[in-house]
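Written below as structure tokens is the structure these notes are about.
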Amino acid sequence: MCLNRHLGAFAGALAPLLPQDFAAAVRALDLTSPAPAPASGRLPVCRFWDQVIAAKGAGNGRLLAPLAALGPSLRWVQNPNYVAAPPSPDFLENYGYAVLAGPGGLVASEALALGVLMLGPGVEDPTHRHPAVEIYVVASGEAEWQKGEAPWRREPPGQIWIARGLGQV
């Protein structure tokens with residue numbers, strides 16, 4: 001299936017960027033499961049999709065080309081907690097994510113939740129902590145990261161940020 005080929009290309013490009021344990025989980029995804037029908041509707045943040053996909057930067061083509069092909073099949077959603085209490089007045093207009101693998105994703109996975117988070121320019125992902133490990137790859141623009149009380153760091157496209165365990169992001 002074409003969708004699985006594009007998801008496989010994305011997983012293949014992502015795996016070498018990840019720590020070994022996560023790369024193994026990405027490579028182990030069962031891409032033979034039937035894909036759901038493309039989702040209808042788009043969130044306001046999707047207005048940035050074409051700009052993100054067209055971004056140039058450190059190796060982004062290998063990640064962004066398969067994501068561009070997956071674009072029409074992505075189901076963009078927002079965390080219900082943020083919907084109930086947005087962290088800032090314009091947050092919901094500039095935030096959304098799509099699940100590639102895991103519950104509600106393009107493929108089912110018990111071992112991995114893999115998705116795409118899109119934040120508009122100047123939007124801050126609120127400080128949070130939880131048991132899941134989060135791995136971010138900057139796709140376009142620059143991202144500023146802070147972990148705990150450490151100083152903010154500015155990261156270019158292609159840079160990876162990993163928040164393990166109950167660490168605060």
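Excluding ligands, DNA and RNA, what is the solvent-accessible area per residue of the range 87-135 at a probe of 1.4 Å, expressed in Å²? Each step should come with its number before you reach the end.
Details: 2540 Å² over 49 residues.
So the range 87-135 comes to 52 Å² accessible per residue, rounded to a whole number.
Shape call for the range 74-166 from the C-alpha gyration tensor, a ≥ b ≥ c root eigenvalues: rounded (a/c under 1.5), prolate (a/b greater than b/c) or oblate? Before the final figure, lay out each step's value.
Details: a/c = 1.44, a/b = 1.19, b/c = 1.21.
Since a/c stays below 1.5, the shape of the range 74-166 is classed as rounded.
Given R₀ = 22 Å, FRET efficiency for residue 142-residue 110 by Cβ-Cβ distance, to 0.05?
0.05
Work out the length of the dipole vector of the range 104-163 about its Cα centre, built from +1 on the beta-carbon of each Lys and Arg and -1 on the beta-carbon of each Asp and Glu, and round it to the nearest 20 debye.
Working: 4 positive and 8 negative charges, 15 e Å.
It works out to roughly 80 debye.
Please give the peptides 16-28, 86-98 ranked by average Cβ packing (other Cβ atoms within 10 Å per residue), highest first, as a rough proxy for protection. List each step's numbers first, then the result.
Values: 16-28: 14.0, 86-98: 17.5.
Sorting 16-28, 86-98 by mean packing, highest first, produces 86-98, 16-28.
Measure off 7 Å from each Cα along the Cα-to-Cβ vector at residue 135 and residue 30, then give the distance between these two points in nanometres to one decimal.
2.1 nm
How charged is the neighbourhood of residue 82? Take every other residue with its Cβ under 15 Å from the Cβ of residue 82, and add Lys/Arg as +1 and Asp/Glu as -1. Before the final figure, lay out the partial values.
On the way: positive: none; negative: 90, 93, 124, 125.
The answer is -4.
Per 0.36 nm of contour for each residue apart, how much would the distance between residue 50 and residue 161 grow if the chain were fully extended, relative to their Cα-Cα spacing? Don't skip to the end; give the middle numbers.
Numbers: separation 111, 0.36 × 111 = 39.96 nm, distance 2.32 nm.
Taking 0.36 nm per residue and subtracting the Cα distance, the gain is 37.6 nm.
The values are calculated or read from the model by the stated rules, or taken from the named source; none is laboratory data. Please read these numbers as outputs of a predicted model, since none were measured by experiment. Quick reminder, even Gly has a Cβ in these numbers, built from the backbone with ideal geometry, and neighbours come from all protein chains shown. Please note that ligands, DNA and RNA were not included when accessible areas were found on the heavy atoms of the full protein model with its side chains. Shrake-Rupley method; radii C 1.70, N 1.55, O 1.52, S 1.80 Å.
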